[in-house]
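One structure below.
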Amino acid sequence: MTDQKNCEDKAATHGTICWSELNARDAERAKKFYADTLGWSFQGMPMEGFTYWVCQTEGARVGMFEMNGPEFENVPEYWLTYIAVDDVDARLAKAKAAGATICKDAWDIPGVGRMAVLQQPGGAVVAWMTPKPIAA
């Protein structure tokens, strides 16, 4: 894992990579693989209808989302990179104008921020996120 600035970190500025997330079909299988091969540990964060996993080692963290539901039927497992942006809605409009395809329009995660998933004109998929300011 890299020692990146996480999206919830005050240093996550516009245009910086701030989070990585494994989108897996079987969280238990993925947890066993990364624990056995890299020594990662996992902390579950209960969300509405599922558990989001924070994977960590020596202070570095990434996330894991278990893909369940019909919308993920033909989607292979993949790693998703999040880039912090100043205004996800305004940036999505620019991305569309520049030829991007919006995979998942902007939505809010309470306490985390507003995010969207898009495919750039070359085909790569990325998430953009406007982090919620951290309470002082």
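Points worth noting:
- Between helix 88-97 and the chain: long-axis angle, C-alpha atoms, 0 to 90°, nearest 10: 60 degrees
- Computed on the Cα atoms alone, the convex hull of segment 85-136 gives a volume of 64 cubic angstrom per residue.
- Exposure proxy ranking, count of Cβ atoms within 10 Å, fewest first, for Trp19, Trp79: Trp79, Trp19
- Once the Cα atoms are used to define both axes, helix 27-38 deviates from the longest principal axis of the chain by about 70 degrees.
- Kirkwood-based shape ratio for segment 8-59, expressed as Rg/Rh from alpha carbons: 1.02
- DSSP bridge pairs, segment 2-136: antiparallel proportion in percent, nearest 5: 80 percent
- Counting other Cβ atoms within 10 Å as a rough exposure proxy, the listed residues Met45, Met129 run Met45, Met129 from fewest neighbours to most.
- Overall form of segment 1-118: oblate. Here a/c, set by the Cα gyration tensor axes a ≥ b ≥ c, is 1.5 or more, and a/b is not larger than b/c.
- FRET efficiency for the Arg29 to Glu58 pair, using the beta carbon distance and R₀ = 35 Å, is estimated at 0.90.
- Inter-probe distance in nm under a simple model that places probes 7 Å from Cα toward Cβ, at Ile109 and Thr16: 1.8 nm
Laboratory data are not the source of any read-out in this text; all were calculated from the coordinates shown. Small disclaimer: the values here were computed from a predicted structure and weren't measured. Methodologically, a virtual Cβ is constructed for each residue, glycine included, from the backbone with ideal geometry; neighbour enumeration extends over all protein chains shown.
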